[in-house]
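Presented below is the structure to which this report refers.
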């Protein structure tokens, strides 16, 4: 019975939390461009973030993690063979 009360209260807390935080929305879109702007729609500010450095970092960390796992399992594999 205590387990049921715990699960029901956790579910109610999660539902209440999402209902309260659902009101935290993003800012409204920018106003339409003025006359003589030369563009048809709303313009976003700035450009895209460069992904080259992040992808290289992610691949490097993945390779390091795989190498570490192989290095730590090498004695166990060597003993089996």
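Observations on the structure shown:
- Apart from one condition, residue 72 fits all of (1) exposed (fewer than 10 other Cβ atoms within 10 Å of the Cβ); (2) modelled with pLDDT under 75; the exception is (2).
- Some residue of the stretch 16-31 being in a helix (DSSP H, G or I), surrounded by 10 or more Cβ atoms within 10 Å (Cβ to Cβ) and modelled with pLDDT of 80 or more: yes
The values are calculated or read from the model by the stated rules, or taken from the named source; none is laboratory data. Everything numeric in this text was worked out from a predicted model, so none of it was measured. Quick reminder, even Gly has a Cβ in these numbers, built from the backbone with ideal geometry, and neighbours come from all protein chains shown.
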